[in-house]
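The values are calculated or read from the model by the stated rules, or taken from the named source; none is laboratory data. This one's a predicted model, so the numbers in the text were calculated from it and none came from an experiment. Using ideal geometry, Cβ is built from the backbone for each residue, glycine included, and neighbour counts are taken over all protein chains shown. Heads up: the accessible areas ignore ligands, DNA and RNA and are worked out on the full protein's heavy atoms, side chains in. Shrake-Rupley method; radii C 1.70, N 1.55, O 1.52, S 1.80 Å.
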2 protein chains.
Amino acid sequence: MTPKSGIRETKKHETRRALGFAAFDLATERGLQGFVVEDVTTRAGVSRRTFFNYFNRKEEAVVSVCGFVFDDAMTALYQRPADEPLFDSLRVVAGLVVSPENLELLNRLSTIATDFHELVPYELAVRERMVLGAHEALVERMPPGCPSFYPLALVHAAFGVIQAVIVHAADHPGDQVTDLIDEAFDYLRAGFQTTKS
Amino acid sequence: MTPKSGIRETKKHETRRALGFAAFDLATERGLQGFVVEDVTTRAGVSRRTFFNYFNRKEEAVVSVCGFVFDDAMTALYQRPADEPLFDSLRVVAGLVVSPENLELLNRLSTIATDFHELVPYELAVRERMVLGAHEALVERMPPGCPSFYPLALVHAAFGVIQAVIVHAADHPGDQVTDLIDEAFDYLRAGFQTTKS
DNA sequence: GGGCAAAGTTGCACGCCGGGCAAGATTACT
DNA sequence: AGTAATCTTGCCCGGCGTGCAACTTTGCCC
């Protein structure tokens, strides 16, 4: 977690990014089966062996690009005022997760995953990282000694409806995502006791 | 979806089960890296090539055993009275998902996944199948023409808190799961406006 | 800046994965 | 009984994933 000193970490980060984007782009262009690891490393300018120092498999590299969605969301969550209700913090973060740029990325990923089902598990894993990260962020705000189940349940429910929005948005490209997030969190706030529409 | 006639389907089903359990047991005994596909097929009594007619990879076979959790839950959901509120149906099904036998299975799987991180994505995929299946079941009960976002959000939130219960139960083996499910669905019903504990 | 330790990259080698193909076996249909 | 459809199996082969041992680069201290 320490930033370490410069060049080394920076280069690693750049190499990882280069490999991730190369894999993501190749998957977009040719489909998941349309390229081999060596194609990725050629594009990224490193050797095949190096690829496996960063990722365990091709699929991980492809979905890694979406990790920035995770990073942005977590950064935002940690920056929310400490006295803000947890529910409201999550609502704000939810809006960021489904920003236009992020949705574009997530939809490209979904498109690939539709054709190549084997990618789905890795897509889900990225989301799971986000849920667990958010949980940790919330726990820090809880009064000491407070049982952790409440924030655990809250964060799972919140990211559940966020996922619902993403799924729905993929099927209904016309809908305003901001509205969907509002609708989803209204349902959540009302305990799903109103159907609204 | 048609049952087809007997022997053929039955044998396929049995072969799939045999491969799944062989893989699951081997993973429990030796860990995910402690065996190769050929070990699975030897135990199941088929050829190595046949394995790949049923699963794309070893990991899929290992988690496939948990598919029965999915099947049971879906069967139960379809059998709920049609006029029962969706929320209540999901609450009942939630109790079944975290039955003692299922939890034993899910915990064994979690244990393996803890040691062998590469299994996690496949674990998540099984859960995702359950969420989408439940959504379909709920949609059938909605009045025709009703927008599908409400049940989509509901089912994602519900399985979100179920996942929270499973995660929590893995960390706190002493807790009563039935109580956790009640607590989780109470939170959900109350829109997370009460902390309770 | 010279030199050493730590960390990262690369090529090589090798076993396993994953699946196309075609032949053989088994089941379904009439 | 005969034929079509389905499933299994062995063969084969390119790609995957990784241990290992050089080699190169970076960090650090004198």
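At 1.4 Å probe size, put B:Ser89, A:Ser99 in order of accessible surface, largest to smallest.
Ranking B:Ser89, A:Ser99 by accessible area, largest first, yields A:Ser99, B:Ser89.
Treat each spin label as a single point 7 Å out from the Cα along the C-beta direction, and report the A:Arg189 to A:Glu14 distance in nm.
Here the modelled spin labels are 4.6 nm apart.
So what's the range A:118-182 giving for Rg/Rh, alpha carbon basis, Kirkwood Rh from the mean inverse pair distance?
Rounded to two decimals, Rg over Rh is 1.08.
By how many nm would the segment from A:Leu132 to A:Glu38 grow when fully extended, if each residue of separation counts as 0.36 nm and the alpha-carbon distance is taken off?
Stretched out fully, the A:Leu132 to A:Glu38 stretch lengthens by 30.5 nm.
Can you give the average number of partner chain beta-carbon atoms within 10 Å of each beta-carbon in peptide B:79-90, as a whole number?
1
Relative to the compact-globule scaling 2.2 N^0.38 Å, provide the ratio for the alpha-carbon radius of gyration of the range B:66-189.
1.06
Calculate the mean, over all residues of peptide B:120-132, of how many other protein chain Cβ atoms lie within 10 angstrom of the residue's Cβ.
The shielding value for this peptide is 5.
Grab the other residues whose beta carbon is less than 9 angstrom from that of B:Ala82, score K and R as +1, D and E as -1, and report the net.
-1
Taking the mean number of other Cβ atoms within 10 Å as a proxy for protection, how do you rank A:129-136, B:159-166, A:68-75, B:138-145 from highest to lowest? It would help to have the intermediate numbers written out before the result.
Values: A:129-136: 18.6, B:159-166: 25.8, A:68-75: 16.5, B:138-145: 11.2.
Descending mean neighbour count gives B:159-166, A:129-136, A:68-75, B:138-145.
What FRET efficiency do you get for A:Thr28 and A:Asp72 if R0 is 35 Å and r is their Cβ-Cβ distance, rounded to the nearest 0.05?
Numbers: r = 21 Å, r/R0 = 0.60.
My answer for the efficiency is 0.95.
In percent, what relative contact order does chain A have, based on Cα pairs under 8 Å that are 6 or more apart in sequence?
The value is 19 percent.
Could you tell me which helices of chain B pass both thresholds, a Cα extent of 27 Å or more along their own axis and a mean Kyte-Doolittle hydropathy of at least -0.5, with helices taken as whole DSSP H runs?
B:120-139, B:149-171
Using a 7 Å offset from Cα along the direction of the beta-carbon, what are the separations from A:Ser99 to the same position in each other copy, nm, ascending?
Distances to the matching label points in the other copies: 4.6 nm.
Using the Cα gyration tensor of the range A:1-74, with a ≥ b ≥ c the square roots of its eigenvalues, what is the shape: rounded (a/c below 1.5), prolate (a/b larger than b/c) or oblate (neither)?
Working: a/c = 2.42, a/b = 1.40, b/c = 1.73.
The shape class here is oblate.
Rounded to the nearest 500 deg cm²/dmol, what is the calculated helix-only ellipticity per residue at 222 nm for chain A, with -39500 (n - 2.57) per DSSP H run of length n ≥ 4?
Computed mean residue ellipticity for chain A: -24000 deg cm²/dmol.
Quick one: Debye curve from the alpha-carbon atoms of the protein assembly as shown only, equal weights, vacuum; give me log10 I(q)/I(0) at q = 0.06, 0.08, 0.12 Å⁻¹ to two decimals.
Reported log10 I(q)/I(0), two decimals: -0.25, -0.46, -1.07.
Please report the accessible area of A:Glu128 (heavy atoms, 1.4 Å probe, ligands and nucleic acids excluded) in Å², nearest 10.
20
Taking a point 7 Å out from Cα toward Cβ as the label site, list the nm distances between A:Asp179 and the same residue in every other copy, smallest first.
Computed spacing set for this position: 4.5 nm.
Looking at the protein assembly as shown, how many pairs of lysines come closer than 24 Å at the Cα, when each pair is eight or more places apart or spans two chains?
Working: A:Lys4/A:Lys12; A:Lys11/A:Lys58; A:Lys12/A:Lys58; A:Lys58/B:Lys58; B:Lys4/B:Lys12; B:Lys11/B:Lys58; B:Lys12/B:Lys58.
Close lysine pairs found across the protein assembly as shown: 7.
Working with all protein chains in place, sort B:Phe24, B:Phe52 by solvent-accessible area computed with a 1.4 Å probe, largest first.
If we order B:Phe24, B:Phe52 from most to least accessible, we get B:Phe52, B:Phe24.
For a Förster distance of 56 Å, can you work out the FRET efficiency between the beta-carbons of B:Ser47 and B:Gln176, rounded to the nearest 0.05?
0.75
I'd like the FRET efficiency for A:Cys146 and B:Ser148, computed as 1/(1 + (r/R0)^6) with the beta carbon distance as r and R0 of 51 Å, rounded to 0.05.
Result of the calculation: an efficiency of 0.90.
Any chance you could look up the accessible area of A:Arg49 with a 1.4 Å probe, heavy atoms only, rounded to 10 Å²?
The accessible area of A:Arg49 comes to roughly 150 Å².
In whole Å, how far is the Cα centre of the range A:119-142 from that of the range B:71-125?
19
How many Å² of accessible area per residue for the range B:102-197, probe 1.4 Å?
Value for the range B:102-197: 41 Å² per residue.
Quick one: label points 7 angstrom along Cα→Cβ at B:Thr111, distances to the other copies in nm, smallest first?
4.5
Using a 10 Å cut-off around each Cβ of peptide A:180-192, what is the average number of partner chain Cβ atoms that fall inside?
Counting Cβ atoms of other protein chains within 10 Å of each residue's Cβ and averaging gives 5.
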